[in-house]
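Here the structure comes first, spelled out in structure tokens, and everything after it is commentary.
The values are calculated or read from the model by the stated rules, or taken from the named source; none is laboratory data. Keep in mind it's a predicted model, so treat the numbers as computed, not measured. Neighbour counts run over all protein chains shown; Cβ positions are idealised from the backbone, glycine included.
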Amino acid sequence: MPHPSPPTPHILVTGGCGYIGSHVVRALQERGDSVVVVDNLCTGHPWAVPEKVLVKGDLADRSFLSQLFSSHSIKAVLHFASFIQVGESVHAPLKYYDNNVAGTISLLDAMSEAGVKKFLFSSTAAVYGTQATVPIVEEAPLRPGNPYGRSKLMVEEILRDCGQAWGLETVALRYFNAAGAHPSGEIGEAHDPETHLIPLVLQTAAGRRDAVIINGEDYDTPDGTCVRDYIHVCDLADAHLLALDSMKGGSGNRAYNLGNGAGYSVRDVIDACQRVTGKSIPVKTGPRRAGDPSVLVASSERITMELAWRPRFTSLDKIVEDAWRWERKLAGK
Ligand code: UFG
């Protein structure tokens, strides 16, 4: 009698119905990886992933996780599920520590029990806070200026401890500003409420908002508005595949920055949106937003050198073009 074939090992993606997670799920599936997505759908969208890969559940529910790991053969975990709003984290820190830190501990505990030892973590440029030297390298001092960034840094530290204690192999990808959308126009950013600059500017261009409010024009930057490093979400997705493939056992606990190395101010972004959409976009000046560092620009040399990552969509106008295609589609959803 032939032996039954062993179960296909899956990549577990938490928060796979969110903005970045859903683009990574698509990239994994396109190259033939078998994926299972866990999402509690508190901010994610079920339409963002194929229905058959989605398991609805919460990372805080430890027995749900035990059941999940015992009913699937999981070879690696990509962990996206978290709250992401810098401003909100300043006003509701416990919400962030509970979901982002305690939720991750629950997940790691279930992984330890199941013997799964590869973990790719969605970290953030917010672990750096305001730095004297830009572009920012991974060795820069880690001093997050808000609870969101601190919650991500705490997890990075926990990962190193788990590496020491039970051989957990980890990569933390420190994203700068994820932007754009899948060029197919099928998936993209859909936060509710939306707080991110590019979608808000494009919604204003589309006439769905009255004006863009610039959060402070008195920063120590060339035009007084905050400077960020915008990176196309599909370039982020590529980096996840490379990072996953680089975990072959014994590669420790690593961190990589992900950005394009170019800083654009809030006003630069508004100008790019005007160019791409051909619309004149009304702008008002508001106060600073709590927790915002003035400049965040990445050096991504480490991931370029070690994993041969090469971003494909580096122009701000291309990023905005893809976001604009998506924004018009989303308006009709
Ligand atoms: N901004 C405005 N007006 C708006 C919205 C945003 O002026 O209506 C400004 C913000 O104050 C900030 C810049 O535009 O200076 C970019 O803001 P986003 O909210 O788009 O992005 P953040 O830089 O605050 O945060 C993003 C992610 C975080 C991540 C961070 C790292 O949401 O998860 O990038 O750079 F930590």
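Within the option set ALA140, ALA60, ALA102, being surrounded by fewer than 19 Cβ atoms within 10 Å (Cβ to Cβ), on the phi < 0 side of the Ramachandran plot, among the hydrophobic types (A, V, I, L, M, F, W, C) and not in a loop (DSSP other than H, G, I, E, B) holds for one residue only, ALA102.
Of everything listed in (1) over 21 Å from ASP39 (Cα atoms); (2) within 14 Å of the ligand (Cβ to nearest atom); (3) at pLDDT 95 or above, the single unmet condition for VAL134 is (3).
Residues that are more than 10 Å from the ligand (Cβ to nearest atom) and outside any helix (DSSP H, G or I) were ranked within segment 223-238; the one that is farthest from GLY129 (Cα to Cα) is HIS232. Within segment 279-297, not a single residue is assigned by TED's automatic domain parsing to the domain that holds ALA205, assigned to a helix (DSSP H, G or I) and farther than 24 Å from ASN146 by Cβ. The residues in segment 21-48 that are in a helix (DSSP H, G or I) and surrounded by 15 or more Cβ atoms within 10 Å (Cβ to Cβ) can be counted, and the count is 10. When TYR128 is tested against (1) hydroxyl-bearing (Ser, Thr, Tyr); (2) within 13 Å of the ligand (Cβ to nearest atom); (3) farther than 21 Å from LEU307 by Cβ, just one condition goes unmet, and that condition is (3).
The set of residues in segment 166-185 being in contact (Cβ under 8 Å) with a residue 12 or more places away in the chain and either assigned to a loop (DSSP other than H, G, I, E, B) or more than 16 Å from the ligand (Cβ to nearest atom) (or both) consists of TRP166, GLY167, LEU168, GLU169, THR170, VAL171, PHE176, GLY180, ALA181, HIS182, PRO183, GLY185. Residue-level check: of (1) over 15 Å from the mean Cα position of the chain (by Cα); (2) among the small types (Gly, Ala, Ser); (3) crowded, with 22+ Cβ neighbours inside 10 Å; (4) away from the ligand (no atom under 13 Å from the Cβ), ALA81 misses just (1).
Among the residues of segment 188-204, what is the count of those that are within 7 Å of the ligand (Cβ to nearest atom) and at pLDDT below 95?
1
If only residues of segment 257-278 that are within 14 Å of the ligand (Cβ to nearest atom) and part of a loop (DSSP other than H, G, I, E, B) are counted, the one that is nearest to ALA237 (Cα to Cα) is GLY259. Quick check: anything in segment 239-247 within 16 Å of the ligand (Cβ to nearest atom) and in a strand (DSSP E or B)? No. Residues that are outside any strand (DSSP E or B), crowded, with 18+ Cβ neighbours inside 10 Å and hydroxyl-bearing (Ser, Thr, Tyr) occur at least once in segment 150-165.
Only residues that are among the small types (Gly, Ala, Ser) and surrounded by fewer than 18 Cβ atoms within 10 Å (Cβ to Cβ): list them for segment 121-137, please. First the steps, then the outcome.
Applying the first criterion (among the small types (Gly, Ala, Ser)) to segment 121-137 yields 122-123, 125-126, 129, 132.
Hit for segment 121-137 is ALA132, nothing else.
Could you identify the single residue in GLY207, GLY250, GLY286, GLY188 that is under 28 Å from ALA92 (Cα atoms), surrounded by fewer than 22 Cβ atoms within 10 Å (Cβ to Cβ) and out of contact with any Gly (no Cβ under 7 Å at 6 or more places or on another chain)?
On the way: GLY207 fails: under 28 Å from ALA92 (Cα atoms); GLY250 fails: under 28 Å from ALA92 (Cα atoms); GLY188 fails: surrounded by fewer than 22 Cβ atoms within 10 Å (Cβ to Cβ).
Exactly one of GLY207, GLY250, GLY286, GLY188 is under 28 Å from ALA92 (Cα atoms), surrounded by fewer than 22 Cβ atoms within 10 Å (Cβ to Cβ) and out of contact with any Gly (no Cβ under 7 Å at 6 or more places or on another chain), namely GLY286.
Quick check: is even one residue across segment 205-222 outside any helix (DSSP H, G or I), free of Cβ contacts under 8 Å to residues at least 40 places away in the same chain and away from the ligand (no atom under 13 Å from the Cβ)? Within segment 205-222, one or more residues are outside any helix (DSSP H, G or I), free of Cβ contacts under 8 Å to residues at least 40 places away in the same chain and away from the ligand (no atom under 13 Å from the Cβ).
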